[in-house]
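Have a look at the structure below, then the notes.
The values are calculated or read from the model by the stated rules, or taken from the named source; none is laboratory data. What you see is a predicted model, and the numbers here were worked out from it, not measured in a lab. No Cβ is skipped: glycine too gets one built from the backbone with ideal geometry, and neighbour counts run over all protein chains shown. We work out accessible area using only protein heavy atoms, side chains counted, and drop any ligands, DNA or RNA first. Shrake-Rupley method; radii C 1.70, N 1.55, O 1.52, S 1.80 Å.
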Amino acid sequence: MIPIANPDLGQPEIEKVSAVIDSGMVAAGSTVEEFETAFAEYCETDHAAATSNGTTALHAAIEALDLGAGDRVVTTPFSYIASSNTIRLAGAEPVFADIDPTTFNVDPEAVREIVENQEVDALLVVHLYGLPCDMAELNEIASEHDIPLIEDCAQAHGATYNGKPVGSFGDAGCFSFYPTKNMTTGEGGMILTDREDVVTHAESFANHGRPPEGGYEHIRVGHNFRMTNIAAAIGLAQLEKLPEFLADRRQNAEQLTAGIDDNIVDLPSVPEDRTHAYHQYTVRTDARDALLEHLHEHEVGAKIYYPKCIHQQPAYDSDKYESECPVAEQAANEVLSLPVHPNLSDENIESIINAVNSFEAGV
Ligand SMILES: Cc1ncc(COP(=O)(O)O)c(C=O)c1O
């Protein structure tokens, strides 16, 4: 089976991890700081705070923006559940805005409709599959209403909007380094921001409420969301490879687009003002479940991200989360992601193209 993800780890990661082990400083420390500086530089932000994973990055960012009980955060219903769970974990409530049917990202018009007619305290947008949201529109809505904007960049390392990297548009940009992502640290996360107050608060929350100078004075209730030097060492090696990973993902996506018959599935489309990081190469068809079965029979490890919207999940089965999001609900029934990762061979890509093109809906 051609896997949907295949992390590329090797000698550079081994050497950097060995150096950390040799130093004996395996928990948080200077390697984490080095990774924070390098990642902030890559994404063109002033500050970074590393965390234990992407979920904790989002949670700490939401806390750092002082969002909590009674606050309402407009977000997408079509995402990995962490983007909404973290709003609830901080004590606030997600309010779901429908998505755009071609980009799969939150529709700025749907966001505007909610923000102009309801009490809203923040926006949390997700660059799904690695394609940036319409940041000009979303930033405008946030600044018109003077509310903070959080970017969930868990799937979008290296994607750009008008030439600027994701993670640099909002009050905070949150990344995941889970092994299936465009780069990994094993488990890991990062908050990027230009706001010193946000990075200071996030770091404190992620370190049991300690102040920047450390010690045993706890100025707020917090968690242990810290990244280890071992994870950061892997991250430093992966960050060096990220431009090559992205080039390979984009080249693979181009080949898939050139080869797959668009009478069988709708292919990804990328607005001219953005670059796609192709965390996923996602097609859509109303014969999705049959196509999935066909691809698995042909040894292609296609997967559905995500078969249900967040407001349709059992954990969200409450009147509070009842939502009118027909576009997102239809997408959840029709999307299918094909392998696009950097370790695909030309032969793999040909097999994926042939497998899709040999599908006959209804047969
Ligand atoms: C959109 C999105 N947000 C948040 C997360 C959470 O990241 P992590 O799994 O590192 O906690 C993920 C990871 O799958 C994700 O895809």
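Just give me the residues in segment 29-62 being within 12 Å of the ligand (Cβ to nearest atom) and among the hydroxyl-bearing types (S, T, Y), in sequence order.
T51, S52, T55, T56
Out of E36, E41, report the one residue that is part of a helix (DSSP H, G or I), closer than 25 Å to A202 by Cβ and open to solvent by less than 50 Å² (accessible area, probe 1.4 Å).
E36
Can you find a residue that is within 16 Å of the ligand (Cβ to nearest atom), in contact with a helix residue (DSSP H, G or I) (Cβ under 7 Å, 6 or more places away or on another chain) and more than 22 Å from D46 (Cβ to Cβ) anywhere in segment 117-138?
Checking segment 117-138: at least one residue is within 16 Å of the ligand (Cβ to nearest atom), in contact with a helix residue (DSSP H, G or I) (Cβ under 7 Å, 6 or more places away or on another chain) and more than 22 Å from D46 (Cβ to Cβ).
Could you tell me whether segment 169-186 includes any residue that is over 13 Å from the mean Cα position of the chain (by Cα), open to solvent by less than 10 Å² (accessible area, probe 1.4 Å) and within 12 Å of the ligand (Cβ to nearest atom)?
For segment 169-186, residues over 13 Å from the mean Cα position of the chain (by Cα), open to solvent by less than 10 Å² (accessible area, probe 1.4 Å) and within 12 Å of the ligand (Cβ to nearest atom): present.
Among the residues of segment 2-14, are any part of a helix (DSSP H, G or I), more than 16 Å from the ligand (Cβ to nearest atom), among the charged types (D, E, K, R) and at pLDDT 95 or above?
Yes, some residue in segment 2-14 is part of a helix (DSSP H, G or I), more than 16 Å from the ligand (Cβ to nearest atom), among the charged types (D, E, K, R) and at pLDDT 95 or above.
Quick one: in segment 195-210, which of the residues that are touching a His at 6+ places or on another chain (Cβ under 7 Å) and not hydrophobic (A, V, I, L, M, F, W, C) is farthest from the ligand (Cβ to nearest atom)?
The extreme case among them is E196.
Could you list, in sequence order, the residues of segment 153-166 that are within 16 Å of the ligand (Cβ to nearest atom) and open to solvent by 10 Å² or more (accessible area, probe 1.4 Å)?
A154, Q155, G158
Of the conditions (1) out of contact with any Ser or Thr (no Cβ under 6 Å at 6 or more places or on another chain); (2) closer than 23 Å to T31 by Cβ; (3) not β-branched (V, I, T), G235 clears all except one; give me its number.
(1)
I'm told L65 meets every condition in (1) within 16 Å of the ligand (Cβ to nearest atom); (2) crowded, with 21+ Cβ neighbours inside 10 Å except one. Can you identify the failing condition by its number?
All conditions are met except number (1).
Pairs please, first residue from segment 144-160 and within 15 Å of Y278 (Cα to Cα), second anywhere and basic (K, R), Cβ atoms under 6 Å, 6+ apart in sequence or on different chains.
none
What number of residues in segment 77-109 are assigned to a loop (DSSP other than H, G, I, E, B) and within 9 Å of the ligand (Cβ to nearest atom)?
Residues in segment 77-109 being assigned to a loop (DSSP other than H, G, I, E, B) and within 9 Å of the ligand (Cβ to nearest atom): 3 in total.
Which residue, of H218, H208, is at positive phi and open to solvent by 40 Å² or more (accessible area, probe 1.4 Å)?
Matching residue, one of H218, H208: H208.
Report the residue count in segment 308-363 for those that are farther than 24 Å from I4 by Cβ, open to solvent by 60 Å² or more (accessible area, probe 1.4 Å) and assigned to a helix (DSSP H, G or I).
5
Name the residue that is farthest from the ligand (Cβ to nearest atom), counting only residues in segment 139-152 that are out of contact with any Ser or Thr (no Cβ under 8 Å at 6 or more places or on another chain) and within 18 Å of A82 (Cα to Cα).
L149
Filter segment 161-183 for residues that are free of Cβ contacts under 8 Å to residues at least 60 places away in the same chain and farther than 22 Å from V199 by Cα and give the result.
The answer is G163, and nothing else.
Tell me the residue from D261, D248 that is touching a residue at least 40 places away in the same chain (Cβ under 8 Å), part of a loop (DSSP other than H, G, I, E, B) and either away from the ligand (no atom under 16 Å from the Cβ) or surrounded by fewer than 15 Cβ atoms within 10 Å (Cβ to Cβ) (or both), please.
D261
Got a sec? Which of G54, G29 is surrounded by fewer than 24 Cβ atoms within 10 Å (Cβ to Cβ) and in contact with a helix residue (DSSP H, G or I) (Cβ under 9 Å, 6 or more places away or on another chain)?
Only one candidate passes the filter, namely G29.
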